[in-house]
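The values are calculated or read from the model by the stated rules, or taken from the named source; none is laboratory data. Only a predicted model underlies this, so the values are computations on that prediction, with no experimental measurement involved. Positions of Cβ are generated from backbone atoms using ideal geometry, with glycine treated the same way; all protein chains shown enter the neighbour counts.
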Amino acid sequence: MTSPEPGTGTHPGTSTDPIRVAVLGAGGKMGRHAVRAVTDAPDLELVAELGSADSLQKVLDAGASHLLDLTVPQISPENVAFAVQNGLHAVVGTSGWSAERRTRLREQLADHPQVGVLIAPNFSLGSVLASAFAAAAARHFPSVEIIEMHHPDKVDAPSGTAVRTAGLIADARSEAGVGPSPDATTHDPDGARGALVDGVRVHAVRLRGLEAHQEVLLGGPGEQLVFRHDAFDRGAYMPGVLLGLRTVASRPGLAYGLDAYLDLG
Ligand SMILES: NC(=O)C1=CN([C@@H]2O[C@H](COP(=O)(O)OP(=O)(O)OC[C@H]3O[C@@H](n4cnc5c(N)ncnc54)[C@H](OP(=O)(O)O)[C@@H]3O)[C@@H](O)[C@H]2O)C=CC1
Ligand SMILES: O=C(O)C1=N[C@H](C(=O)O)C[C@H](O)C1
């Protein structure tokens, strides 16, 4: 009998071998937290730390079984394609994974049916729940808008979380047969109404002092419901990072959103 692949135990941490993790973007703000979290986890082993000057060959030389991508939107698809081609599972926190990029990745995965990839626009449990609750509520309100607020060093806009939330809202409304909000397309000659993502207005604030925050505003006649989530520290994402690393090998194919690994009822 062959021994199980690392990290494929029925329950997290039950396989005998540690999950061998290479962290890409290890010197970045997320990467530094992830390096600590992986090092501290008894069932995980940090085998490689890569920055922008490193060759991906370092991942293979280190014998990694899992790649954790916390880099930049321009390079992330290349990193994940490398993982898939080499039979490594990948957990991806980097933003910028558009529908086109996900389609291309699914095509790559078709040739490697044993490989699992998780693209998690947000690893924080609170954020995932807030987006799910907002999507469930959005079918009952005519108006819905998203305000995402981040530190000014963020390279992309709108945030991956806001794009994902808009997608969930659009799907929920479509399934309920209510369609996009009629209020999303009001007169907007100067672009002051924000980006239109899957039929949902998204406003991006970049402000010194902020970390990562999002509000989904739902409006109906005479009332407003607001779902707000605040991440004050990057530690908020680490339980989700570890859950992703422990689960991805047992979920071949592409999972988009950490909710795929959670029982949200
Ligand atoms: N999913 C989630 O829950 C979260 C996702 N994010 C996302 O994660 C990503 C990283 O965020 P953050 O840590 O704040 O960003 P940082 O700018 O702090 O870090 C990015 C890192 O990527 C590295 N990098 C760039 N190119 C490469 C490359 N080719 N190979 C390896 N490393 C590379 C940089 O290394 P170097 O310094 O050597 O150039 C840098 O250390 C962003 O897309 C962000 O939106 C952020 C928070 C939570
Ligand atoms: O860059 C960040 O900081 C964050 N990026 C992710 C995103 O784009 O949604 C997750 C979180 O919002 C923090």
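Pairing each residue of segment 46-68 that is among the hydroxyl-bearing types (Ser, Thr, Tyr) and at pLDDT below 95 with any residue that is crowded, with 16+ Cβ neighbours inside 10 Å and not in a loop (DSSP other than H, G, I, E, B), provided the two are 6+ apart or on different chains, yields no C-beta distance under 9 Å.
Restricting attention to segment 6-25, which residues are modelled with pLDDT of 50 or more and more than 16 Å from ligand 2 (Cβ to nearest atom)? 15, 16, 17, 18, 19, 20, 21, 22, 23, listed by residue number.
Suppose the filter is among the aliphatic types (A, V, I, L, M), within 16 Å of ligand 1 (Cβ to nearest atom) and modelled with pLDDT of 95 or more; does residue 168 pass it?
Working: among the aliphatic types (A, V, I, L, M): yes; within 16 Å of ligand 1 (Cβ to nearest atom): yes; modelled with pLDDT of 95 or more: yes.
For residue 168, the condition - among the aliphatic types (A, V, I, L, M), within 16 Å of ligand 1 (Cβ to nearest atom) and modelled with pLDDT of 95 or more - is met.
Give, as residue ranges, the helices (runs of 4 or more DSSP H) completely inside segment 51-121 that count at least 2 residues that are within 16 Å of ligand 2 (Cβ to nearest atom). Let's see the steps before the verdict.
Details: elements: 57-61, 76-85, 99-110.
The qualifying helices (runs of 4 or more DSSP H) are 76-85, 99-110.
I'd like the full set of residues that are closer than 18 Å to residue 17 by Cβ and under 20 Å from the mean Cα position of the chain (by Cα), limited to segment 37-64. Selection gives 38 alone.
Pairing each residue of segment 23-39 that is in the same structural domain as residue 60 (by TED's automatic domain parsing) and part of a helix (DSSP H, G or I) with any residue that is of a type in the set (Gly, Ala, Ser) and more than 13 Å from ligand 2 (Cβ to nearest atom), provided the two are 6+ apart or on different chains, yields C-beta distances under 8 Å for 32/26; 34/26; 35/26. Report the residue count in segment 38-65 for those that are crowded, with 21+ Cβ neighbours inside 10 Å and either under 19 Å from residue 122 (Cα atoms) or polar (S, T, N, Q) (or both). Qualifying residue count, segment 38-65: 2.
Checked against the criterion of being surrounded by 17 or more Cβ atoms within 10 Å (Cβ to Cβ) and either of a type in the set (A, V, I, L, M) or near ligand 1 (Cβ under 10 Å from one of its atoms) (or both), the candidates 110, 99, 137, 132 yield just one match: 132.
The one condition from (1) of a type in the set (S, T, N, Q); (2) under 20 Å from residue 71 (Cβ atoms); (3) within 14 Å of ligand 2 (Cβ to nearest atom) that residue 131 does not meet is (2).
Can you work out which of the residues in segment 153-193 that are within 16 Å of ligand 2 (Cβ to nearest atom) and of a type in the set (Lys, Arg) is surrounded by the most Cβ atoms within 10 Å (Cβ to Cβ)?
From segment 153-193, those within 16 Å of ligand 2 (Cβ to nearest atom) are 153-169; that's our starting set.
The next check asks that each one be of a type in the set (Lys, Arg); those that pass are 154, 164.
Details: 154: 14, 164: 26.
This residue is 164.
Identify, please: which residue in segment 140-152 is surrounded by 21 or more Cβ atoms within 10 Å (Cβ to Cβ) and of a type in the set (Val, Ile, Thr) and is, among those, farthest from ligand 2 (Cβ to nearest atom)? Ranking the candidates gives 144 first. Segment 199-265 holds strands (runs of 3 or more DSSP E) entirely within its bounds, and those carrying 1 or more residues that are in the same structural domain as residue 163 (by TED's automatic domain parsing) and more than 18 Å from residue 123 (Cα to Cα) map to 200-206, 212-220, 223-231.
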